[in-house]
Amino acid sequence: MKRVLLKLSGEALSGDKGFGFDEKTCLAVAKQVKELVDAGTQVGVVIGGGNFWRGRSSENIDRTKADQIGMLATVMNCIYVSEIFRSVGMMTAVLTPFECGNMSKLYSKDRANKYFEHNMVVFFAGGTGHPYFSTDTATVLRAVEIEAEGILLAKSIDGVYDSDPATNPSAKRYDKISIQEVIDKKLKVVDLTASIIAMEQKMPMYVFSLNEENSIVKAISGNFNGTVVSCD
């Protein structure tokens, strides 16, 4: 694929610590992305904020303010991971839908395309910039806007299951499933808003475990071990 959008789970980046960053995990991601970039693939990145903040778990804070804290958590994640990417030899840029002083540039499709043309990895931080929209929605929205060929969903689980494998040892993993089935069966690959955008805009998703060795490279190299969410 010429251009992809990689969605990284904030929790997955924290490794076994469950909070903050695990540098070894982040370095492993960076080395895989560099392999893609060196091969000519343009990569955009969205990172969740769950390693710092889960706003919906707090009942004492206004939802809008909680979501704003979550947006800032994703900005911190993108700044950190972009520096890890730079440490292995990539050029990066962090774009946000709101001003962050000199820490990021304001998002526009034209600006993102300019950075891609200069072989830079572009981080889309800050979600959509609005409350009530998750990083799932931001991921699909940015993927559609930049005309990515697919979304790589790197999770702590190795695909899409018919039920929660953590509570059901007999849960079945799908090799391929349509986004319509995901919506009908309420499988929560991404949230409902993101699922509907993906379905309407025919944006395929590749769901896999970040913990598997070279899983990001495998996701676009034909040696994929996970679930393809198609738009058939």
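Nothing in this text is a laboratory measurement; each read-out follows from the coordinates by a stated rule. Everything numeric in this text was worked out from a predicted model, so none of it was measured. Cβ sites come from the backbone with ideal geometry, for glycine too, and all protein chains shown count toward neighbours.
Over the residues of the chain, the helix contribution to mean residue ellipticity at 222 nm works out to -11500 deg cm²/dmol, using -39500 (n - 2.57) for each DSSP H run of at least 4. Computed about its Cα centre, the charge dipole of segment 94-232 is approximately 140 debye, with only Lys, Arg, Asp and Glu carrying charge at their Cβ. In this simple spin-label approximation, residue 149 and residue 193 carry label points 7 Å from Cα along the Cα→Cβ vector, and these lie 3.0 nm apart.
Taking packing as the residue-averaged number of other Cβ atoms within 10 angstrom, the listed peptides 183-190, 32-39, 45-52 run from highest to lowest as 45-52, 32-39, 183-190. For the chain, DSSP calls about 15 percent of its internal beta bridges antiparallel.
Annotation for residue 105 and residue 181: the two label points, set 7 Å from Cα along the Cα-Cβ direction, are 4.1 nm apart. For residue 98, the residues whose modelled amide H falls within less than 5 Å of its own, excluding neighbours fewer than 5 places apart on the same chain, are 107. Sorted from greatest to least, the principal axis extents spanned by the alpha carbons of the chain come out as 49, 48, 36 Å. Pairs to check: 2/24; 24/155; 7/188; 176/218. Give those whose C-alpha atoms are more than 18 Å from each other in this structure. Too far apart for the 18 Å limit: 2/24.
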